[in-house]
Amino acid sequence: MTEIRNTSKNKRDVLLLVILFLLVGGVYLVFQLFAFSGDQQVANIYYGSSSDPIVTIDFVNFEVTKRYNQPVPEGYGSFPLIDLDNQTITLLGDYTIGGERQIVVIKYTFATGEHRGSVEIIEEQSPNNICSREGVSTGKPLICLPNRIRVEFGSNDSEDFVV
């Protein structure tokens, strides 16, 4: 008799786990499909733990604005470097190789037609090059922890920053 109860209890446990797995998976898929699906108007690039973006890409007005210079050690020059012709932004990452800090190159594309603006980390040095493997993003944040750089998308409704 106890063997029959254990079998039915095991079947209920398995059924409960399958239902729970499907529910969590469904919520995850809905979040991934709809959380970052709106048209993003700007992409803000942050360095370090700062809450103020170092560079803002305005996809509506086709503008790239440097908010402030990146704090870097003497001898490294001035960062970020904004190349309007190639649509790239170069920052100095925190990851070091042989005592030298490595650069991070971010490529942006303005919205054209029905396509939204996009951002991609195209060059960087970090363990396993995780940052540049994230691919192109049109709304999902890009995070490069070894270099302490992140890209977040939003709207133009934020307050104006003083340069």
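The numbers here are math on the coordinates, done by the rules we state, and not lab data. Everything quoted here is computed from the prediction, not taken from an experiment. Ideal geometry is used to build each Cβ from the backbone, glycine not excepted, and the neighbour counts take in all protein chains shown.
For LYS107, give me every one of the lysines with a C-alpha distance below 23 angstrom, ignoring sequence neighbours fewer than eight places off in its own chain.
Within the straight-line limit of under 23 Å, LYS107 reaches these lysines: LYS66, LYS140.
From the backbone phi of region 11-19, what are the Karplus-calculated ³J(HN,Hα) couplings (6.51 cos²θ - 1.76 cosθ + 1.60, θ = phi - 60°) in whole Hz, Gly and Pro given as x?
5, 5, 5, 5, 4, 5, 5, 5, 4
Given R₀ = 25 Å, FRET efficiency for LEU15-SER155 by Cβ-Cβ distance, to 0.05? Intermediate values should be presented prior to the final figure.
Working: r = 44 Å, r/R0 = 1.76.
Efficiency for this residue pair is about 0.05.
What is the Cα convex hull volume of region 42-154 when expressed per residue in Å³?
Details: hull volume 11.1 nm³, N = 113.
Spread over its residues, the Cα hull of region 42-154 gives 98 Å³ apiece.
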